[in-house]
Amino acid sequence: MANIKNPETKTKAQSMGMHTEVLTGRTQQKFFNPDEAENFYYFGTYDVDFNKRTDLDVKDMTAPEANKEIDNLMSQGYGTIVIKNPQGKHSLGVGILNKLNLIFEGSLGYFGMGSCDGPTVRINGRVGWSCAENLMAGKVVIGKNAGSCFGAAVRGGDLICKGSVGARTGIDMKGGTIIVGGDAGAFTGFMMQRGRIIILGDVGINLGDSMYDGTIFIGGKIGSYGSDAVDAELTKNDQDWLKRKLKVAEIGENFDVSKMKKIVAGKKLWNYDNLEPHEKKGAI
Amino acid sequence: MCGIAGLIHRGKSSNVGSELQGMLQALKHRGEDSTGYALYGDTDGKNFIMRFKVGENVGEGSSSIMEDVSVYDERKKVVDQYLSELGAKIIKEERVLPYSLRYEISYDKKDLLEFSQKIESIPEVEILSMGKSLEVIKDLGNAKMVCDRYGLDKVVGTHAIGHARMATESGVDIKSAHPFWGYPFSDVSVVHNGQLTNYWNNRRLLENKGMRFMSECDSELIAVYIAQKMREGASLEEGMKASLTGLDGVFTYFVATKDSLGMAKDTMAAKPLVLYESDDLVAMGSEEIAIRSVLPQEIDTYDPYDGEVKVWQI
């Protein structure tokens, strides 16, 4: 996340005539421009050493205390942190905007690893609802099951669950890849806009309902298709990509990807395309 | 929002009062307007235990009614008189709080409909539960407050369900608090997390069939709906499965009977539930931290899927 040091400087988008309206308050938008990188600073980012490792027992900590301590350890250069006794607490590991090896020895509650950008996380347990919501980049691997809204609104990175997940997996997904070794519930890929979902097991009803874009690969049975979701041809490129992705994810080692089903959006919305606002302007 | 929790020990009894208190207290952030317990205790099964109220908890913020507590004594006298007229004998009487009473009664008839209708014809008197094992205790405040107020931490039994309520559909009062008794069936109780959108249509239909509603809380519909299905001859599980289509809205609910515990989740799986299942214990709650309060060690849990109905026996 970036904060502007010098709000007087016009961004490239503004100089192109976009976003010229006066925005105030919480809705004011700031657009990052690589040419002006020196005007931006990032909080919560540290130079860490992956070989510098420590344990953190959060048994008697609240989630804010635990998250603050993770931040504190990163500020001291620790690049590998092992969290002991998470005991299903909510909102652990949220908002990490840094490269980091983070290992949870146990299960997390709701919103575990939410709003992260960059860390590599291994959870030797389960995660509750909304795991890794809004993940921007990085990799999150869950050893057991996960709850509903798994990977809601993720924008990038890899989110991998070796067990099964609940309903609405990848809801509102905007990028990245979600891989599930087991089954997924109803409304998988609901309103997804980009990215890829791979489910090796079965999925529930209304798969890909109201999806705008993106691709879903299913290895097992499909409860039913949602509106706008249709089958597509599984190409050689798709199969190569799936093999590579599963190998990197260390999941479904001998899985026959050639038998997977590929599901895409069957309806192009008149006011939707897959370009970012600034890309649209360029295209015009 | 509301939070629900439940557990069933299979093949043994445990301190379910204390365990459920821990589970519900872990969910208190989901609502602490009121908290309710349905505890299935170890009893000899001879007599009925009737938990009932003769008024509201007006001293602690009840939004439903303001009244002088002196009327409670008058109402209790009428209850005692009606019990006598019904042929029910009071074996043991406990007045836990001025408005909340627990009677152990000897009553031979199986049909509790006539019994309940007569007792509840007294204004503001409501039977919270009637059963040979079930006791429903509900009041304003969080789980610990209610547990301490009623001394529930020492209750031993096989299973229990409970509810931490954030009032949305109806008032902050005992009559709208969960669990709801599955009137007029003994030992049936229900807790619910969600919203039902065809409450009034179903309520009118069920009232026409002679069923009673004590509150305007949509969750009460589930208890009455399943009770009506059972009156028509359905098993508990059949009644629960019928509710997936008969009830409209989003819901996760638990039903307990004398010897079983069940869960149902709506077809959109919109409301949370985490489940732990082993040979000797099933524990479930709106959030994993509820289960963690009784099983702090690392365990395997999962989310039941949409439209799922499960029933476990003790």
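Rule-based calculations on the coordinates, nothing more; no lab input. The model shown is predicted, which means the values in this text are computed figures rather than measured ones. Positions of Cβ are generated from backbone atoms using ideal geometry, with glycine treated the same way; all protein chains shown enter the neighbour counts.
Below are the figures for this structure:
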| item | result |
| --- | --- |
| Antiparallel content of DSSP bridges confined to the protein assembly as shown, in %, to 5 | 65 |
| Other protein chain Cβ atoms within 10 Å, averaged over every residue that makes up A:200-212 | 1 |
| Nonlocal amide H pairs with A:Ile83, under 5 Å, H built at 1.01 Å | A:Leu56, A:Ile103, A:Phe104, A:Glu105 |
| Per-residue average of Cβ from other chains inside 10 Å of B:291-300 | 4 |
| Likely footprinting exposure, A:Leu135, B:Leu27, A:Leu234, A:Leu242, fewest C-beta neighbours within 10 Å first | A:Leu234, A:Leu242, B:Leu27, A:Leu135 |
| Neighbour net charge for B:Val16 - beta-carbon separation under 15 angstrom, K R +1, D E -1 | -3 |
| The protein assembly as shown - charge dipole about Cα centre, Lys and Arg +1 at Cβ, Asp and Glu -1, debye rounded to 20 | 1060 |
| Alpha-carbon gyration tensor eigenvalues x 5, square-rooted, for the stretch A:49-283, Å | 31, 19, 16 |
| Semi-axes of the equivalent ellipsoid for the protein assembly as shown, Cα gyration tensor, largest first, Å | 50, 26, 24 |
| For B:263-272, mean number of other protein chain Cβ atoms within 10 Å | 4 |
| Cα shape, chain B, gyration tensor, a/c 1.5 rule | rounded |
| Relative contact order of the stretch A:49-283, pairs being alpha-carbon contacts under 8 Å that are 6 or more residues apart, as % | 10 |
| Under-5 Å amide H pairs with B:Asp306, H placed in peptide plane, nonlocal only | A:Ala186 |
| For B:Val146, net neighbour charge (Lys/Arg +1, Asp/Glu -1) across residues whose Cβ lies under 10 Å away | 0 |
| Listed residues B:Ile8, A:Cys131, B:Tyr72: farthest to the positive end of the dipole of the protein assembly as shown (Cβ charges) | A:Cys131 |
| Computed over chain B: relative contact order in percent, which uses C-alpha pairs under 8 Å that are six or more apart | 26 |
| Phi to ³J(HN,Hα) by Karplus 6.51 cos²θ - 1.76 cosθ + 1.60 over the stretch A:99-109, Hz, x for Gly, Pro | 6, 5, 9, 10, 10, 9, 8, x, 9, 10, x |
| Nonlocal amide H pairs with A:Ile198, under 5 Å, H built at 1.01 Å | A:Ile178, A:Ile179, A:Val180, A:Phe217 |
